[in-house]
Amino acid sequence: MNELRLLCVLAHPDDESLGTGGTLAKYAAEGVATYLVTATRGERGRFGDGAESPGPEIVGQAREAELFAAARELGLRDVRILGYPDGALDSVAAPEAIENIAGYIRRVKPQVVITFGPEGAYGHPDHIAISQLTTAAIVCAADPCFGPAPAIAEPHRVAKLYFIAWSQKKWTAYQAALKKLVCKVDGEERQVTPGPDWAITTVIDTSAVWPAVWRAVSCHKSQMSIYKKLEELSEEHQRYLWGTQEFYRVFSAVNGGRVKESDVFEGLR
């Protein structure tokens, strides 16, 4: 394959903008084919400033439309929504979800896949689930024995897998601009626990595309009660938030070593 292809597999509408927006916009602008799988429609999320939700169907429809609007701002070639239940991704039938993601990987044939890390950013169960499902799907997509007969497209081996990572400085700026990210699961409060900076393998310069990222974030109007502070930030602070993105290289079939990468396609160009 001569064409470079990047796939992000994430949990909710707005993850693509807040989590990987700079990376998607940067590579799309460079001519890389960029793809997105979103596991849920975000129907249990916020809906404006109202105290009462209009219901999961309306919220889901609104957030789906916002996702496609953000995708246009980021220059994505294709978006696939799996439609699994928001807030319950860890309860879906894993074989079916893995087959769906693996099937998409086989059709798109990305060299690089990005998803959440095993900690789910701040312990969000949906983020953790999509990390596990995506990692399994990458393995299955490369297995010629995987899938129904006839097999769902030809097997495809992903060359590089990345987990989204955030340094302590980046998390501090991020939470100051939004809010303290907390998730309560089984009576236990989870929150951001940044890993050591030395564990970050890859730092991408996205400073040239930060306005596109902000436009994509702004598409998620139903969530703007959370993002209000972002509108008040100076250009300098905006540039810092969206000007770099950090990742952990889970595996690579084409390169290695401890020198930080500045390109997720290092070894593939």
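The values are calculated or read from the model by the stated rules, or taken from the named source; none is laboratory data. Treat the numbers as computed from the prediction; the structure is a model and nothing was measured. Methodologically, a virtual Cβ is constructed for each residue, glycine included, from the backbone with ideal geometry; neighbour enumeration extends over all protein chains shown. Surface accessibility is based on the protein's heavy atoms, side chains included, excluding ligands, DNA and RNA. Shrake-Rupley method; radii C 1.70, N 1.55, O 1.52, S 1.80 Å.
Here are a few things to note about the model shown:
- Restricting segment 92-126 to residues that are assigned to a helix (DSSP H, G or I), of a type in the set (A, V, I, L, M) and touching a residue at least 60 places away in the same chain (Cβ under 8 Å) leaves a set whose member that is surrounded by the fewest Cβ atoms within 10 Å (Cβ to Cβ) is Val108.
- Scope segment 133-171; condition closer than 18 Å to Phe247 by Cα and part of a loop (DSSP other than H, G, I, E, B); matching residues: Val158, Ala159, Trp166, Ser167
- Gly55 fulfils the conditions (1) free of Cβ contacts under 8 Å to residues at least 24 places away in the same chain; (2) farther than 22 Å from Ser222 by Cβ except for a single criterion, (2).
- Condition met for Ala153 (open to solvent by less than 20 Å² (accessible area, probe 1.4 Å), modelled with pLDDT under 95 and not aromatic (Phe, Trp, Tyr)): no
- Residues in segment 206-262 that are in contact with a strand residue (DSSP E or B) (Cβ under 9 Å, 6 or more places away or on another chain), of a type outside the set (A, V, I, L, M, F, W, C) and closer than 27 Å to Gly42 by Cβ: Thr206, Gly243, Thr244, Gln245, Glu246, Tyr248.
- Among (1) open to solvent by less than 40 Å² (accessible area, probe 1.4 Å); (2) in a loop (DSSP other than H, G, I, E, B); (3) closer than 16 Å to His220 by Cα, the one test that Phe47 misses: (1)
- Just so you know, in segment 246-257 the residues that are assigned to a strand (DSSP E or B) and either out of contact with any Ser or Thr (no Cβ under 9 Å at 6 or more places or on another chain) or open to solvent by less than 60 Å² (accessible area, probe 1.4 Å) (or both) include one that is nearest to Leu268 (Cα to Cα), and it is Ser252.
- Every condition in (1) in contact with a helix residue (DSSP H, G or I) (Cβ under 6 Å, 6 or more places away or on another chain); (2) buried (at least 21 other Cβ atoms within 10 Å of the Cβ) is met by Ile164 except one, and the failing one is (1).
- Residue in segment 127-148 that is aromatic (Phe, Trp, Tyr), surrounded by 18 or more Cβ atoms within 10 Å (Cβ to Cβ) and within 19 Å of Gly45 (Cβ to Cβ) present: no
- Taking the numbered list (1) in a helix (DSSP H, G or I); (2) among the aromatic types (Phe, Trp, Tyr); (3) at pLDDT 95 or above in turn, Tyr174 passes all entries but (3).
- Residues in segment 251-261 that are at pLDDT 95 or above and farther than 9 Å from Thr201 by Cα: Phe251, Ser252, Ala253, Val254, Asn255.
- Breaking point among (1) in contact (Cβ under 8 Å) with a residue 12 or more places away in the chain; (2) over 17 Å from the mean Cα position of the chain (by Cα); (3) closer than 20 Å to Gly21 by Cβ, for His156: (3)
- Scanning segment 19-30 for residues that are buried (at least 24 other Cβ atoms within 10 Å of the Cβ) and in a helix (DSSP H, G or I) yields Gly21, Gly22, Thr23, Leu24, Ala25, Lys26, Tyr27.
- Meets criteria (more than 12 Å from the chain's Cα centre (by Cα), crowded, with 24+ Cβ neighbours inside 10 Å and not in a loop (DSSP other than H, G, I, E, B)) for Ala39: no
- Scanning segment 197-232 for residues that are open to solvent by 40 Å² or more (accessible area, probe 1.4 Å) and outside any helix (DSSP H, G or I) yields Val203, Asp205, Glu232.
- Scan of segment 233-245 for residues that are outside any helix (DSSP H, G or I), under 16 Å from Gly22 (Cβ atoms) and out of contact with any Ser or Thr (no Cβ under 9 Å at 6 or more places or on another chain), ordered by number: Leu233
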